[in-house]
């Protein structure tokens with residue numbers, strides 16, 4: 001059987017890095033890890049072809065070759081997924097769909113023949129068995145959580161690695177916390193399930209053997225959910241693995257309590273981690289209590305961020321406005337926090353209620369749901385009726401983004417960060433993409449853009465004050481170029 005594994009296109013969003021990718025000659029920030037893992041679970045005698053539409057188009061030749069299409073997507077890819085399902089059905093293909101989008105709203109996709117929902121390690125085998133016997137059902141779902149020790153090595157051979165800026169692997173699923181707006185625990189549970197250290201090393205070895213020397217994203221929703229295992233097993237294994245390697249820096253997601261554990265941060269840096277995304281959400285204690293973000297409460301969040309930065313890990317932050325306890329002063333408070341903390345990559349969104357979350361259930365009960373969530377954290381939309389007037393909320397939201405991504409405050413934030421940041425002592429290799437980024441940034445930002453004065457001021461300041469940070473300064477300038485493009489296009 002000929003199988004097309006199709007990944008829908010991401011719209012132009014904060015995390016797509018579409019405009020930044022142009023500087024390094026890449027087509028996509030990350031590969032479709034879920035599809036690559038599913039591919040490893042399919043029968044060995046099936047012929048597989050991956051079409052990541054973020055990298056190349058889905059052609060008529062692809063559709064004519066295939067017998068069946070497997071489609072996986074996140075909520076933000078909803079519209080592209082609809083178009084792909086329609087094309088596949090028009091071509092006479094059987095369509096199988098799974099992943100977060102379809103698990104949350106499979107009833108909205110009538111054109112799909114079979115839904116393999118929740119965790120594929122558990123729901124894909126019965127589908128394949130029924131398919132082999134000629135009696136497949138339409139929906140396969142479950143309430144159990146998979147043993148990740150049984151998860152196979154992703155099929156990296158299906159990728160054109162040169163098209164991607166980073167690779168991704170998964171160490172754990174689940175999160176010990178229960179923020180009411182987050183659907184991670186609804187999809188993946190509270191208990192943190194982990195792969196073994198040999199599994200992770202095997203995935204890294206397979207990427208390294210294929211020539212990958214770029215960054216690797218540990219896609220865990222909370223990488224530090226099992227600190228003991230990290231300290232005693234995984235991080236020592238990663239440190240040992242890196243001893244004779246160059247390149248392959250790591251980044252991940254974690255909770256703010258990472259700042260409480262200096263030995264853990266030191267081990268992560270030694271293992272090659274240099275970036276972490278943290279959900280800060282809000283500096284308002286009442287709002288943190290409202291959304292059950294207790295792990296962020298009663299802390300000096302700015303100092304926590306700076307402690308992580310001083311350890312050698314750049315903090316990327318998520319922020320939200322639109323909580324019931326928000327007052328009009330929250331907009332300036334968010335601006336002040338972001339600027340003071342030196343969080344350069346600051347994702348600020350309006351509160352949304354994804355299906356399956358406790359927030360969604362509460363909004364539904366109160367009659368405050370007004371739309372489906374877009375899945376885009378920075379498009380200025382919300383699917384709930386806020387307690388603050390919607391006009392005030394949107395105007396305040398626009399004010400935040402207009403300020404933090406205007407050239408002057410953005411470049412000032414880079415300098416605030418670089419003053420704190422301790423460059424990790426890791427072995428890296430200068431790549432062609434680095435030189436390409438430098439040349440293109442000099443031309444596009446240093447000469448053509450309205451921020452050119454700030455760009456050259458930053459580079460000169462960095463060269464004299466902290467020359468080791470010059471590559472970081474250039475990368476963050478490029479990120480800012482992308483963020484401004486996104487804000488100009490979507491926040492009106």
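I'm told residue 78 meets every condition in (1) touching a residue at least 24 places away in the same chain (Cβ under 8 Å); (2) touching a helix residue (DSSP H, G or I) at 6+ places or on another chain (Cβ under 8 Å); (3) more than 30 Å from residue 208 (Cα to Cα); (4) not in a helix (DSSP H, G or I) except one. Can you identify the failing condition by its number? Only one criterion in (1) touching a residue at least 24 places away in the same chain (Cβ under 8 Å); (2) touching a helix residue (DSSP H, G or I) at 6+ places or on another chain (Cβ under 8 Å); (3) more than 30 Å from residue 208 (Cα to Cα); (4) not in a helix (DSSP H, G or I) is unmet by residue 78, namely (4). Checked against the criteria, residue 286 does not count as at pLDDT 95 or above and within 17 Å of residue 194 (Cα to Cα).
Residue count for the range 430-452 satisfying the condition of being more than 11 Å from residue 23 (Cα to Cα) and surrounded by fewer than 16 Cβ atoms within 10 Å (Cβ to Cβ): 7. Can you find a residue that is closer than 30 Å to residue 237 by Cβ and crowded, with 21+ Cβ neighbours inside 10 Å anywhere in the range 131-140? The answer is no, given that none of the residues of the range 131-140 is closer than 30 Å to residue 237 by Cβ and crowded, with 21+ Cβ neighbours inside 10 Å. Residue 104 - would you say it is at pLDDT below 95, outside the structural domain of residue 353 (by TED's automatic domain parsing) and under 30 Å from residue 194 (Cα atoms)? The answer is yes for residue 104.
The number of residues in the range 239-267 that are out of contact with any strand residue (DSSP E or B) (no Cβ under 8 Å at 6 or more places or on another chain) and in a helix (DSSP H, G or I) comes to 13. Selection of the range 359-379 for residues being modelled with pLDDT of 95 or more, surrounded by fewer than 19 Cβ atoms within 10 Å (Cβ to Cβ) and out of contact with any strand residue (DSSP E or B) (no Cβ under 7 Å at 6 or more places or on another chain) yields 361, 362, 364, 365, 366, 367. Out of 194, 169, one residue alone is in contact with a helix residue (DSSP H, G or I) (Cβ under 7 Å, 6 or more places away or on another chain) and free of Cβ contacts under 8 Å to residues at least 60 places away in the same chain. It is 194. Taking helices (runs of 4 or more DSSP H) as the structural unit, those lying wholly within the range 380-492 and holding at least 2 residues that are assigned by TED's automatic domain parsing to the domain that holds residue 317 and touching a residue at least 60 places away in the same chain (Cβ under 8 Å) correspond to 390-404, 407-420. Residue 455 fulfils the conditions (1) farther than 28 Å from residue 247 by Cβ; (2) crowded, with 18+ Cβ neighbours inside 10 Å except for a single criterion, (1).
Quick check on this structure: which one of 96, 85 is surrounded by 20 or more Cβ atoms within 10 Å (Cβ to Cβ), under 16 Å from residue 39 (Cα atoms) and under 28 Å from the mean Cα position of the chain (by Cα)?
Numbers: 85 fails: under 16 Å from residue 39 (Cα atoms).
Criteria check complete, one pass: 96.
Does the range 79-92 contain at least one residue that is touching a strand residue (DSSP E or B) at 6+ places or on another chain (Cβ under 8 Å) and within 19 Å of residue 13 (Cα to Cα)? Before you say what the answer is, go through the steps one by one.
Looking only at the range 79-92, we keep the residues that are touching a strand residue (DSSP E or B) at 6+ places or on another chain (Cβ under 8 Å), and these are 81, 84-85, 88-89.
Next cut, within 19 Å of residue 13 (Cα to Cα) only: 81.
Within the range 79-92 (the criterion being touching a strand residue (DSSP E or B) at 6+ places or on another chain (Cβ under 8 Å) and within 19 Å of residue 13 (Cα to Cα)), the answer is yes, since at least one residue qualifies.
What residue, among those in the range 32-45 that are part of a loop (DSSP other than H, G, I, E, B) and either at pLDDT below 95 or out of contact with any helix residue (DSSP H, G or I) (no Cβ under 8 Å at 6 or more places or on another chain) (or both), is surrounded by the most Cβ atoms within 10 Å (Cβ to Cβ)?
32
Filtering the range 46-58 to residues that are part of a loop (DSSP other than H, G, I, E, B) and either surrounded by 15 or more Cβ atoms within 10 Å (Cβ to Cβ) or on the phi > 0 side of the Ramachandran plot (or both) leaves 53, 54, 55, 58.
So how many residues does the range 203-224 have that are in a loop (DSSP other than H, G, I, E, B) and either at pLDDT below 95 or over 26 Å from residue 144 (Cα atoms) (or both)? Walk me through how you get there before you give the answer.
At the first step, the residues of the range 203-224 found to be in a loop (DSSP other than H, G, I, E, B) are 210-214, 219-224.
Those left that are additionally either at pLDDT below 95 or over 26 Å from residue 144 (Cα atoms) (or both): 210-214, 221.
Qualifying residue count, the range 203-224: 6.
Yes/no per residue for (1) surrounded by 20 or more Cβ atoms within 10 Å (Cβ to Cβ); (2) assigned to a loop (DSSP other than H, G, I, E, B); (3) in contact with a strand residue (DSSP E or B) (Cβ under 9 Å, 6 or more places away or on another chain); (4) touching a residue at least 24 places away in the same chain (Cβ under 8 Å):
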site	(1), (2), (3), (4)
302	no, no, no, yes
305	yes, no, yes, yes
316	no, no, yes, yes
320	yes, no, yes, yes
328	no, yes, no, yes
343	yes, yes, yes, yes
347	no, no, yes, yes
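Scan the range 173-202 for residues that are closer than 23 Å to residue 377 by Cα and assigned to a strand (DSSP E or B) and the total you get is 1.
Among the residues of the range 118-142, the ones that are within 20 Å of residue 189 (Cβ to Cβ), in a loop (DSSP other than H, G, I, E, B) and either in the same structural domain as residue 193 (by TED's automatic domain parsing) or in contact with a helix residue (DSSP H, G or I) (Cβ under 7 Å, 6 or more places away or on another chain) (or both) come to 3 in all. Test residue 23 against the stated conditions and say whether it is surrounded by 22 or more Cβ atoms within 10 Å (Cβ to Cβ) and out of contact with any strand residue (DSSP E or B) (no Cβ under 8 Å at 6 or more places or on another chain). Spelling it out, residue 23 is indeed surrounded by 22 or more Cβ atoms within 10 Å (Cβ to Cβ) and out of contact with any strand residue (DSSP E or B) (no Cβ under 8 Å at 6 or more places or on another chain).
The values are calculated or read from the model by the stated rules, or taken from the named source; none is laboratory data. Predicted model only: the values in this text are computed from it and were never measured. In this analysis, Cβ positions are derived from the backbone assuming ideal geometry, glycine residues included, and neighbour counts consider all displayed protein chains.
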